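Everything below concerns the one structure shown next.
Values in this text are rule-based calculations from the coordinates and carry no lab data. As the structure is a prediction and not an experimental result, all values here were calculated from the model. Glycine gets a Cβ as well: all are built from the backbone with ideal geometry, and neighbour counts include every protein chain shown.
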Amino acid sequence: MVNRNSSGGAFKSDDETAANRKLIRPNLSELADRYPTRSFAQRKQVPPEQTNAESYYYLKQMAAKTPMVVVLTDGEKIHGWIEWYDKGCLKVNRDDGPNLLLPKASIKYMYKASDGGGGEGSGNR
C-alpha cells in the first residue's frame, strides 16, 4: 500500500520506512568482472635463464674448426680448436701438444686466433 508523506507530495511504500532501509551494494562478482585484479599473465616475463648464445657460439666455432686462444685464470694461453663442450668443460684440440679438457671455471676469456691480440684492453666488455 502506498501512503502519502505527511510533509509534502512524496509517496513511499510501507516497505521503505526510515528504519528499514537497506544499503545498496554492488554484486562483488560483477565488480570482479568489470575490474580484474592483476593476474600472473599480465606480469612482466622473467628473462630465460639460458639464452643459448653460448652454445650457438661453440657450435659455430666447432663446425668451422676455428683456431682459438683460451686464456686461463692464471694467465696461461692455450692455442687450439674446440672439439666439444658441455655444461662445465671444453675440450680443446691442439697441434703442438696433447688435447686438453678445460673446466669452464678456469677460463678467463677466449678469442679467435685470427683476431690477433685479443688482450684485456681490446674488445667490448
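Around the amide H of Glu83, modelled in the peptide plane, lie the amide H atoms of Lys91, Val92, Asn93, all under 5 Å away and 5 or more residues distant in sequence or on another chain. Using the Cβ-Cβ distance between Lys65 and Lys87 with R0 set to 25 Å, the FRET efficiency works out to roughly 0.65. Distance between the 7 Å Cα→Cβ label points at Ile107 and Leu31: 5.8 nm. For the residue pairs Lys65/Lys108; Lys44/Lys104; Lys44/Lys91; Lys87/Lys112, the alpha carbons lie more than 29 Å apart in Lys44/Lys104; Lys44/Lys91.
Model label sites at Gln50 and Leu100, defined 7 Å from Cα along the beta-carbon direction, differ in position by 2.5 nm. Descending by average beta-carbon neighbour count within 10 Å, the peptides 46-56, 67-77 line up as 67-77, 46-56, the highest first. The relative contact order of the stretch 53-115 comes to 32 percent, based on Cα pairs under 8 Å that sit 6 or more residues apart. The Stokes-Einstein estimate for the stretch 53-115, based on a Kirkwood radius over Cα pairs and taken at 10 °C with 1.306 mPa s viscosity, is a diffusion coefficient of 137 µm²/s.
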